[in-house]
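*Asks:* The structure is given below, and queries will be raised subsequently.
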């Protein structure tokens, strides 16, 4: 594949008489941390920016784009814990119904106006009304200015996930004038470490930024030049990195060996879990699934490590938990709870009253086809007869919740309370009617999580995690890694919950 | 000629309206509720309902259609459901990218294809003819995406003569623009060159055997002038292939735009389909049909100019 110089291509190339166009940069010392690395950061992202307007933006791959232009009120550390950014500190009231935030006083929007409490309140109100950003503020009654550098978030009920969601990418602060003018989508104005250079950027192809002078947190953002290239195709991204056009990329694990040969830095961390989502734990839609033994049989029937090796190129961790591997809650010892054992699975099914198995309908979409052979084989051997209903992805997300069980790949959160909310208690497309309250084991543990605080809450979540595994709430096969490649002199810290981390996690060194 | 042109324009308009209507209803039928894919996997049903109201999905389909049609008649295709920017503005950015690549590919095809077709057609059976035929078979068999990857690895990654990915508009740098579209255009052109050369070769051989060619030669006309006459008479077949190829490349650009990460119509179509962004898909459909109609009209006019008998068809 590498050695076919076509005569025709050579002829055209020669007549154009072009010179080298390498975008590579040589390593040089940086200021600040003392670490060394390139001055130019050229990121190959997986997707184009959804919108420069944070109320319309996604979290997944929009992180590097938006974090360049906007300061967040709250950021996250690498483990999903909220940390200060524009808000220097915050206090949660004893009744859990309000949060007071102190706003730093030395930040300025790129249009010259100061970042003050009025601007923050206006931004938050705008985000609450946003069709995508509103997810973080479902329990907010109002945002109020207390004084010039303090605001208060009034809640309608206790919300343990709001600070995490704000840090995840839902608290970018925008210029009030831009909000009023409705121009954020085209001309983003924030107070971030960089400013979008509209004159050299090409929508959908490359975005270039200029560094903000005298930025208050310059040490966190050491690169003097920043460009972000949305490149959907993994091979194209890889070629762009080989050619020197980019020096950080959202990578394909298939290129791992070549990345190592090139001497690139590699970072990997789990990002989502693959397996069977069970929406019915009471037997309302499918009587067998209401029985614990059946759900446990579905766990024993899958060899998660084999599925990970066959489908996920081995990039991940075989586990039966939805709390991220390596996090506080995930307990590796629990991964042996349902070690692959088809005989045991059949025995449990017979004990549950289904010695000859049972029939079930499941949806199928092209995006999940890669898991279909594994699922089909395991379920057939177990005695479960599946009727597959084929549909396109938009319809899958729409119709799958009507099925008692379906294959899915779900993104995970780095924050443990958010994981409980997203995976168990809140209404999601993959959890249309949360039925945890009908389970005698899970319900009291969820209540404990929702009432405890601090270490006691963490302990409650650990207990809940074990119970979810014991109750076979899902049939989790494995957690899959996101992989990132960086040129020499650049480091990237993956963050669970962000498909591509924000710029604060990319450093020299 | 005027009546001929008017008939073609009218049939083009009918096609445009019919396909637009079909696309509107098919898109709504295929994507029954796009809010889930638009908002992503973490959206709550309440958020989906709010978005449905914001983009007008809660209205009857016929009302939605009438609104879209009346706006489209004024060249207003609404806003994207993904980022709420005007569809026409985004098309204005994407269309030149695809047109640049497709036009350059067509130009390469026409120049090289016609040259090869003429040379081999005028001297059939020579070593050059046989050699070109052999190369043609190989080129035609090579998958476009494979050729693209080879070109990238060789000319972009190893030699660094061209960028591996990306697009530079000519307004920013003509040199950069040429660099960014050359490899994608070559990838697209390879199959077409073979088709054009083959068509023209056969037509040139057929024309060369005609009595009028012998007559011209017997009158002492130079070979160059005779060959020009042969080319004019043999060109309709090649022109048709070139026109069809241009239309075909508009859709074929999807793969090439992916491989070279070009922000063109192909990439936009792909993203809009995945997101269920119906206004954007409708805008892309309309603009694509306009191109198809224009190219066919142009082809008809050129063929009519070359051969007046065509005008009465």
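The values are calculated or read from the model by the stated rules, or taken from the named source; none is laboratory data. No experiment lies behind these values; they were computed from the predicted model shown. Here Cβ is always computed from backbone atoms with ideal geometry, including for glycine, and neighbour counts include all displayed protein chains.
*Asks:* For the stretch A:40-52, enumerate the residues that are farther than 25 Å from residue A:486 by Cβ and within 8 Å of chain B (Cβ to nearest Cβ). Give the derivation first.
*Replies:* Our first condition is that a residue be farther than 25 Å from residue A:486 by Cβ; within the stretch A:40-52, this holds for A:51-52.
Listed by number, the list holds a single entry, A:51.
*Asks:* Separate question: Does residue A:409 satisfy the condition of being part of a loop (DSSP other than H, G, I, E, B) and closer than 30 Å to residue A:255 by Cα? Don't jump to the end; show me each part of the working.
*Replies:* Details: part of a loop (DSSP other than H, G, I, E, B): no; closer than 30 Å to residue A:255 by Cα: yes.
So residue A:409 fails the test.
*Asks:* Residue check: is residue B:65 on the phi < 0 side of the Ramachandran plot, part of a helix (DSSP H, G or I), more than 12 Å from chain A (Cβ to nearest Cβ) and surrounded by fewer than 20 Cβ atoms within 10 Å (Cβ to Cβ)?
*Replies:* Numbers: on the phi < 0 side of the Ramachandran plot: yes; part of a helix (DSSP H, G or I): yes; more than 12 Å from chain A (Cβ to nearest Cβ): yes; surrounded by fewer than 20 Cβ atoms within 10 Å (Cβ to Cβ): yes.
For residue B:65, the condition - on the phi < 0 side of the Ramachandran plot, part of a helix (DSSP H, G or I), more than 12 Å from chain A (Cβ to nearest Cβ) and surrounded by fewer than 20 Cβ atoms within 10 Å (Cβ to Cβ) - is met.
*Asks:* I need the full set of residues from the stretch B:128-172 which are part of a loop (DSSP other than H, G, I, E, B) and crowded, with 19+ Cβ neighbours inside 10 Å, in order please. Steps first, answer last, please.
*Replies:* Initially, the stretch B:128-172 is screened for residues part of a loop (DSSP other than H, G, I, E, B), giving B:142-143, B:159-172.
Across the stretch B:128-172, the qualifying residues are B:160, B:161, B:162, B:163, B:164, B:165, B:166, B:167, B:168.
*Asks:* Still on this structure, please answer the following. Can you name the residue in the stretch A:375-402 that is crowded, with 18+ Cβ neighbours inside 10 Å and modelled with pLDDT of 95 or more and, of all such residues, is nearest to the other protein chains (Cβ to nearest Cβ)?
*Replies:* So, considering only residues that are crowded, with 18+ Cβ neighbours inside 10 Å and modelled with pLDDT of 95 or more, the one nearest to the other protein chains (Cβ to nearest Cβ) is A:375.
*Asks:* Going through A:272, A:244 one at a time, which residue ends up being under 26 Å from the mean Cα position of the chain (by Cα) and crowded, with 18+ Cβ neighbours inside 10 Å?
*Replies:* Details: A:244 fails: under 26 Å from the mean Cα position of the chain (by Cα).
Result: A:272 is the single residue among A:272, A:244 that is under 26 Å from the mean Cα position of the chain (by Cα) and crowded, with 18+ Cβ neighbours inside 10 Å.
*Asks:* Looking at the stretch A:39-95, what strands (runs of 3 or more DSSP E) fall wholly within it and have at least 2 residues that are in contact with a strand residue (DSSP E or B) (Cβ under 8 Å, 6 or more places away or on another chain) and either over 21 Å from residue A:197 (Cβ atoms) or free of Cβ contacts under 8 Å to residues at least 24 places away in the same chain (or both)?
*Replies:* Here the list reads A:74-76, A:82-84, A:87-92.
*Asks:* Under the condition of being over 19 Å from residue A:205 (Cβ atoms) and free of Cβ contacts under 8 Å to residues at least 40 places away in the same chain, which residue from the stretch B:263-293 is nearest to the other protein chains (Cβ to nearest Cβ)?
*Replies:* The qualifying residue nearest to the other protein chains (Cβ to nearest Cβ) is B:273.
*Asks:* I would also like to ask the following. Can you tell me how many residues in the stretch A:480-505 are over 16 Å from the mean Cα position of the chain (by Cα) and on the phi < 0 side of the Ramachandran plot? Please lay out each step first, then the result.
*Replies:* Step one: list which residues in the stretch A:480-505 are over 16 Å from the mean Cα position of the chain (by Cα), which gives A:485-491.
Now restrict to residues that are on the phi < 0 side of the Ramachandran plot: A:485-488, A:490-491.
Count: 6.
*Asks:* Another question about this same structure. Only one residue in A:323, A:302 is within 26 Å of residue A:460 (Cα to Cα) and not in a helix (DSSP H, G or I), so which one is that? Step through it out loud before you land on a result.
*Replies:* Numbers: A:302 fails: within 26 Å of residue A:460 (Cα to Cα).
Matching residue, one of A:323, A:302: A:323.
*Asks:* Follow-up. Sort through A:461, A:506 and tell me the only one that's in contact with a strand residue (DSSP E or B) (Cβ under 8 Å, 6 or more places away or on another chain) and either buried (at least 22 other Cβ atoms within 10 Å of the Cβ) or in contact (Cβ under 8 Å) with a residue 24 or more places away in the chain (or both). Talk me through it step by step, then tell me what you get.
*Replies:* Values: A:461 fails: in contact with a strand residue (DSSP E or B) (Cβ under 8 Å, 6 or more places away or on another chain).
Selected residue: A:506, the only one of A:461, A:506 that is in contact with a strand residue (DSSP E or B) (Cβ under 8 Å, 6 or more places away or on another chain) and either buried (at least 22 other Cβ atoms within 10 Å of the Cβ) or in contact (Cβ under 8 Å) with a residue 24 or more places away in the chain (or both).
*Asks:* Might you let me know whether the stretch B:205-218 holds any residue that is in a helix (DSSP H, G or I), under 30 Å from residue A:235 (Cβ atoms) and either without any contact (Cβ under 8 Å) to a residue 40 or more places away in the chain or out of contact with any strand residue (DSSP E or B) (no Cβ under 7 Å at 6 or more places or on another chain) (or both)? Talk me through it step by step, then tell me what you get.
*Replies:* Here is the first cut: in the stretch B:205-218, the residues in a helix (DSSP H, G or I) are B:205-208, B:211-218.
Within this subset, residues satisfying the condition of being under 30 Å from residue A:235 (Cβ atoms) are none.
No, there is no match, as no residue in the stretch B:205-218 is in a helix (DSSP H, G or I), under 30 Å from residue A:235 (Cβ atoms) and either without any contact (Cβ under 8 Å) to a residue 40 or more places away in the chain or out of contact with any strand residue (DSSP E or B) (no Cβ under 7 Å at 6 or more places or on another chain) (or both).
*Asks:* Testing residue A:296 on (1) assigned to a helix (DSSP H, G or I); (2) touching a strand residue (DSSP E or B) at 6+ places or on another chain (Cβ under 7 Å), one condition comes back false. Which one is that?
*Replies:* Only one criterion is unmet by residue A:296, namely (2).
Yes/no per residue for (1) modelled with pLDDT of 95 or more; (2) over 24 Å from residue B:262 (Cα atoms):
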| position | (1), (2) |
| --- | --- |
| A:183 | no, yes |
| A:188 | yes, no |
| A:191 | yes, yes |
| A:194 | yes, yes |
| A:224 | yes, yes |
| A:229 | yes, no |
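*Asks:* Scan the stretch B:74-104 for residues that are under 18 Å from residue A:205 (Cα atoms) and in a loop (DSSP other than H, G, I, E, B) and report the count.
*Replies:* Within the stretch B:74-104, residues that are under 18 Å from residue A:205 (Cα atoms) and in a loop (DSSP other than H, G, I, E, B) number 3.
*Asks:* In addition: From the residues in the stretch A:428-444 that are free of Cβ contacts under 8 Å to residues at least 12 places away in the same chain and away from chain B (no Cβ under 11 Å), which one is farthest from residue B:44 (Cα to Cα)? Show your work before the answer.
*Replies:* So in the stretch A:428-444, the residues free of Cβ contacts under 8 Å to residues at least 12 places away in the same chain come out as A:428, A:434, A:437, A:440, A:443-444.
Subset that is away from chain B (no Cβ under 11 Å): A:434, A:437, A:440, A:443-444.
On the way: A:434: 12, A:437: 19, A:440: 26, A:443: 22, A:444: 24 Å.
Among those residues, the one meeting the criterion is A:440.
*Asks:* Mind checking which residues of the stretch A:375-406 are over 19 Å from residue B:274 (Cβ atoms) and not in a helix (DSSP H, G or I)? Even if it seems obvious, please write down each step before you answer.
*Replies:* Residues of the stretch A:375-406 over 19 Å from residue B:274 (Cβ atoms): A:375-389, A:401-406.
Listed by number, the residues that qualify are A:383, A:384, A:385, A:386, A:387, A:388, A:389, A:403, A:404, A:405, A:406.
*Asks:* Report yes if some residue within the stretch A:260-269 is in contact (Cβ under 8 Å) with a residue 12 or more places away in the chain, out of contact with any strand residue (DSSP E or B) (no Cβ under 9 Å at 6 or more places or on another chain) and part of a helix (DSSP H, G or I); otherwise report no.
*Replies:* Step one: of the stretch A:260-269, the residues in contact (Cβ under 8 Å) with a residue 12 or more places away in the chain are A:262-269.
Narrowing the set further to residues that are out of contact with any strand residue (DSSP E or B) (no Cβ under 9 Å at 6 or more places or on another chain) leaves A:263.
If we keep only those that are part of a helix (DSSP H, G or I) as well, we get none.
No, there is no match, as no residue in the stretch A:260-269 is in contact (Cβ under 8 Å) with a residue 12 or more places away in the chain, out of contact with any strand residue (DSSP E or B) (no Cβ under 9 Å at 6 or more places or on another chain) and part of a helix (DSSP H, G or I).
*Asks:* Something else about it: Here are some residues: B:97, B:87. Which one is closer than 26 Å to residue B:166 by Cα, in contact (Cβ under 8 Å) with a residue 12 or more places away in the chain and away from chain A (no Cβ under 12 Å)?
*Replies:* Working: B:97 fails: away from chain A (no Cβ under 12 Å).
None of the other options fit; the residue is B:87.
*Asks:* Can you report the number of residues in the stretch A:200-221 which are more than 7 Å from chain B (Cβ to nearest Cβ) and either crowded, with 24+ Cβ neighbours inside 10 Å or in a strand (DSSP E or B) (or both)? Write out each step before concluding.
*Replies:* Step one: of the stretch A:200-221, the residues more than 7 Å from chain B (Cβ to nearest Cβ) are A:200-201, A:207-221.
Those still in the list that are either crowded, with 24+ Cβ neighbours inside 10 Å or in a strand (DSSP E or B) (or both) too: A:207-211.
Total meeting the criteria: 5.
*Asks:* Residues in the stretch B:121-128: is at least one under 21 Å from residue B:242 (Cβ atoms) and either modelled with pLDDT of 90 or more or touching a helix residue (DSSP H, G or I) at 6+ places or on another chain (Cβ under 8 Å) (or both)?
*Replies:* Step one: of the stretch B:121-128, the residues under 21 Å from residue B:242 (Cβ atoms) are B:121-122.
Next, from what is left, pick out any that are either modelled with pLDDT of 90 or more or touching a helix residue (DSSP H, G or I) at 6+ places or on another chain (Cβ under 8 Å) (or both): B:121-122.
The answer is yes, given that some residue of the stretch B:121-128 is under 21 Å from residue B:242 (Cβ atoms) and either modelled with pLDDT of 90 or more or touching a helix residue (DSSP H, G or I) at 6+ places or on another chain (Cβ under 8 Å) (or both).
*Asks:* Follow-up. When the residues of the stretch A:244-253 are filtered to those that are touching a helix residue (DSSP H, G or I) at 6+ places or on another chain (Cβ under 6 Å) and modelled with pLDDT of 95 or more, which remaining residue is farthest from the other protein chains (Cβ to nearest Cβ)?
*Replies:* Looking only at the stretch A:244-253, we keep the residues that are touching a helix residue (DSSP H, G or I) at 6+ places or on another chain (Cβ under 6 Å), and these are A:246, A:249, A:252.
Remaining after also requiring modelled with pLDDT of 95 or more: A:246, A:249.
Values: A:246: 8, A:249: 11 Å.
Top of the filtered list is A:249.
*Asks:* Next up: Between B:75, B:51, B:3, which is modelled with pLDDT under 90, surrounded by fewer than 13 Cβ atoms within 10 Å (Cβ to Cβ) and either in contact with a helix residue (DSSP H, G or I) (Cβ under 8 Å, 6 or more places away or on another chain) or within 10 Å of another protein chain (Cβ to nearest Cβ) (or both)? Steps first, please.
*Replies:* Numbers: B:51 fails: surrounded by fewer than 13 Cβ atoms within 10 Å (Cβ to Cβ); B:3 fails: either in contact with a helix residue (DSSP H, G or I) (Cβ under 8 Å, 6 or more places away or on another chain) or within 10 Å of another protein chain (Cβ to nearest Cβ) (or both).
When all the criteria are applied, what remains is B:75.
Residue by residue, here is whether (1) within 14 Å of chain A (Cβ to nearest Cβ); (2) closer than 17 Å to residue B:306 by Cα; (3) surrounded by fewer than 19 Cβ atoms within 10 Å (Cβ to Cβ) holds:
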| position | (1), (2), (3) |
| --- | --- |
| B:200 | no, yes, no |
| B:209 | no, no, yes |
| B:212 | no, yes, yes |
| B:217 | no, no, yes |
| B:223 | no, no, yes |
| B:228 | no, yes, yes |
| B:232 | no, yes, yes |
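*Asks:* Condition first: closer than 14 Å to residue B:273 by Cα, in a loop (DSSP other than H, G, I, E, B) and touching a residue at least 24 places away in the same chain (Cβ under 8 Å). Now tell me which residues in the stretch B:1-60 satisfy that.
*Replies:* B:31, B:33, B:34
*Asks:* Now for a separate question. Specify which of the listed residues (A:502, A:419, A:458, A:483) is within 14 Å of chain B (Cβ to nearest Cβ) and modelled with pLDDT of 95 or more. Show your work before the answer.
*Replies:* Numbers: A:502 fails: within 14 Å of chain B (Cβ to nearest Cβ); A:458 fails: within 14 Å of chain B (Cβ to nearest Cβ); A:483 fails: within 14 Å of chain B (Cβ to nearest Cβ).
A:419 is the lone residue from the list that is within 14 Å of chain B (Cβ to nearest Cβ) and modelled with pLDDT of 95 or more.
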